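Enquirer: Questions regarding the structure given below will be posed in turn.
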């Protein structure tokens, strides 16, 4: 256990260091991109060999403005990242009055760990998934889908909640938010420049100019520079260890003392985790994401391997899922479908008795 504790502390320390390094490197990456764009401007203005000097002078003159813009973006990201994630995931917050059983499950887990209660949110979708988000105690939240609640049993939902709380404890959530939100400005600028470049392709010829070739070349070059910078920020995401999911699974088992529930939850989620209308960034934060990021990089280990790992470490046989999961037959148009399925089932049993 001492070795496990040391490994966990190292994982948390590494996450904190990576978050700080990414935040420190971000302004330098922005300045490098501005330098490259200034170089293109200098060359296109036929400054010849003075293009490099022109780029140097731009950085020397405008670096305070660049740092200020980055600082403003950091402030915006810090203050509004919760709303940004909510908008991307199409989730909404819920209270104890809205979801008493679900809220109590999360609260009991937090009490058992002596940790503050994060906010609770729900995505109204048939998909079965969940994720945690936030960068500090005031902004931490756990989001689950309605499909997860309608398809998993109570102990399985508890295991999923414990998994997400472990991500919060391990600071996986903070690192992911830094990677996604704080690098979003470059992605937005890249998409804007690329859109302008494509628009220039179809602009009519100007009578005063022979063609729009120069403007098109300039915008395309700027767009490529921005995309190179954006891809540089993605390397941090690719470097995120998939080991975080194994550790979160282990944390969930440790919290609930029920490895079978964790394995059953993963079995029910497998193949049904895609949330319609969300981005790859949100999928990367979820408990399961079978689609590789950008079609090339797997953000999660295969779910079969995660289940086998739980089985081998705990000595618990892999369970078999038979029959229709709880609540799966209800339509989302049914108002009862927006209530906790296990609560409805328990009430029905009491009435029959």
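Enquirer: In the range 269-286, what residues are farther than 15 Å from residue 305 by Cα and either crowded, with 18+ Cβ neighbours inside 10 Å or at pLDDT 90 or above (or both)?
Expert: Result: 272, 273, 274, 275, 278, 281, 282, 283, 284, 285, 286.
Enquirer: Please go through the range 298-316 and give me each residue that is in a helix (DSSP H, G or I) and under 13 Å from residue 247 (Cβ atoms), ordered by number. Walk me through it before giving the result.
Expert: At the first step, the residues of the range 298-316 found to be in a helix (DSSP H, G or I) are 303-314.
Selection gives 306, 309, 310, 313.
Enquirer: Identify, by number, the condition in (1) closer than 30 Å to residue 251 by Cα; (2) out of contact with any strand residue (DSSP E or B) (no Cβ under 9 Å at 6 or more places or on another chain); (3) buried (at least 19 other Cβ atoms within 10 Å of the Cβ); (4) in contact (Cβ under 8 Å) with a residue 60 or more places away in the chain that residue 33 doesn't meet.
Expert: Tallying (1) closer than 30 Å to residue 251 by Cα; (2) out of contact with any strand residue (DSSP E or B) (no Cβ under 9 Å at 6 or more places or on another chain); (3) buried (at least 19 other Cβ atoms within 10 Å of the Cβ); (4) in contact (Cβ under 8 Å) with a residue 60 or more places away in the chain, residue 33 fails exactly one: (1).
Enquirer: Given the condition on the phi < 0 side of the Ramachandran plot, in contact with a strand residue (DSSP E or B) (Cβ under 8 Å, 6 or more places away or on another chain) and either at pLDDT below 75 or surrounded by 13 or more Cβ atoms within 10 Å (Cβ to Cβ) (or both), answer yes or no: does some residue in the range 287-299 qualify? Steps first, answer last, please.
Expert: Pass one, the range 287-299, residues on the phi < 0 side of the Ramachandran plot: 287-293, 296-299.
Within this subset, residues satisfying the condition of being in contact with a strand residue (DSSP E or B) (Cβ under 8 Å, 6 or more places away or on another chain) are 287, 299.
Keeping just the survivors that are either at pLDDT below 75 or surrounded by 13 or more Cβ atoms within 10 Å (Cβ to Cβ) (or both) gives 287, 299.
Scanning the range 287-299 turns up at least one residue that is on the phi < 0 side of the Ramachandran plot, in contact with a strand residue (DSSP E or B) (Cβ under 8 Å, 6 or more places away or on another chain) and either at pLDDT below 75 or surrounded by 13 or more Cβ atoms within 10 Å (Cβ to Cβ) (or both).
Enquirer: Filter the range 137-158 for residues that are surrounded by fewer than 20 Cβ atoms within 10 Å (Cβ to Cβ) and touching a residue at least 12 places away in the same chain (Cβ under 8 Å) and give the result. Show your work before the answer.
Expert: Step one: filter the range 137-158 for residues surrounded by fewer than 20 Cβ atoms within 10 Å (Cβ to Cβ), giving 137-139, 146, 153-155.
Result: 137, 139, 146, 153, 154, 155.
Enquirer: Quick check: is even one residue across the range 90-98 closer than 21 Å to residue 181 by Cβ and within 16 Å of the chain's Cα centre (by Cα)? Break it down stepwise before answering.
Expert: Restricting attention to the range 90-98, the residues satisfying the condition of being closer than 21 Å to residue 181 by Cβ are 90-93.
Right, trim to within 16 Å of the chain's Cα centre (by Cα) and you get 90-91.
Looking for residues that are closer than 21 Å to residue 181 by Cβ and within 16 Å of the chain's Cα centre (by Cα), one finds at least one in the range 90-98, hence yes.
Enquirer: Testing residue 109 on (1) exposed (fewer than 15 other Cβ atoms within 10 Å of the Cβ); (2) in contact (Cβ under 8 Å) with a residue 24 or more places away in the chain, one condition comes back false. Which one is that?
Expert: Residue 109 satisfies every listed condition except (1).
The values are calculated or read from the model by the stated rules, or taken from the named source; none is laboratory data. Since the structure is predicted, the reported quantities are computational estimates derived from the model, not experimental observations. Here the Cβ is made from the backbone with ideal geometry for all residues, glycine too, and neighbour counts use every protein chain on show.
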